[in-house]
Each structure stands twice: as C-alpha cells, then as structure tokens.
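Note sheet for the following structure.
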Amino acid sequence: MRRNHTGHRVGEAHQKAKLSDEDVRVMREMREEKGWSYAKLAKHFDCGESTARDIIKYRTRWYA
C-alpha cells in the first residue's frame, strides 16, 4: 500500500480513489501522444475536467 511522507494512503490505495495508477498513466499518455483535451479525457475516464487537468499537470497523483 502506497503512503506519503505523513503515513496517509495515496493513489489507488486511498479509500476515495476512483482512478487506478494505470488509469493515470494511460491518461497522461493520451494527453501527450494524442493531444486529447481535458474534457475528452474526463469523459473517457468518468471524472471531472479539473481532475483530469490536475493529474496531467502533476498537481495530484505526482508519483504515478
């Protein structure tokens, strides 16, 4: 189980996580290689546009 420096669960191990670490990796690949918009990524992965943006910009899930 992945934990941060304070011992809290992070990534797909977090109890509220909806995306797996693999989903995050694929999302970043789709953005980089195919140029998918945040809206298209959000729809494909069933999450909010701001969630997709934050993942792509490494504001969240920076270790995945």
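The numbers here are math on the coordinates, done by the rules we state, and not lab data. Everything numeric in this text was worked out from a predicted model, so none of it was measured. Neighbour counts run over all protein chains shown; Cβ positions are idealised from the backbone, glycine included.
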Report summary line: With x for Gly and Pro, the residue-by-residue ³J(HN,Hα) of the range 30-43, computed from phi through the Karplus equation 6.51 cos²θ - 1.76 cosθ + 1.60 at θ = phi - 60° and given in whole Hz, is 4, 5, 6, 8, 10, x, 4, 6, 4, 5, 5, 4, 4, 5
Query raised in the report: About its Cα centre, how strong a charge dipole does the chain have in debye, to the nearest 20, once Lys and Arg get +1 and Asp and Glu get -1 at the Cβ?
Result: 220 debye
Requested in this report: For Arg2, enumerate residues with amide H under 5 Å from its amide H, sequence gap 5+ or separate chain, H modeled in the peptide plane.
Outcome: Val10, Ala13
Query raised in the report: Among Ser50, His8, Ser37, whose Cα sits farthest toward the positive end of the charge dipole of the chain (+1 at Cβ of Lys/Arg, -1 at Cβ of Asp/Glu, about the Cα centre)?
Result: His8
Requested in this report: Between the alpha-carbon centers of the range 1-20 and the range 36-64, tell me the distance in whole angstrom.
Outcome: 17 Å
**Report entry** Mean ellipticity per residue at 222 nm, deg cm²/dmol - from DSSP H runs of n ≥ 4 across the chain, formula -39500 (n - 2.57)
**Finding:** -10500 deg cm²/dmol
**Report entry** Inter-probe distance in nm under a simple model that places probes 7 Å from Cα toward Cβ, at Arg9 and Glu29
**Finding:** 2.6 nm
Report summary line: Over all directions, the chain yields a Cα convex hull whose mean projected area in nm² is 4.1 nm²
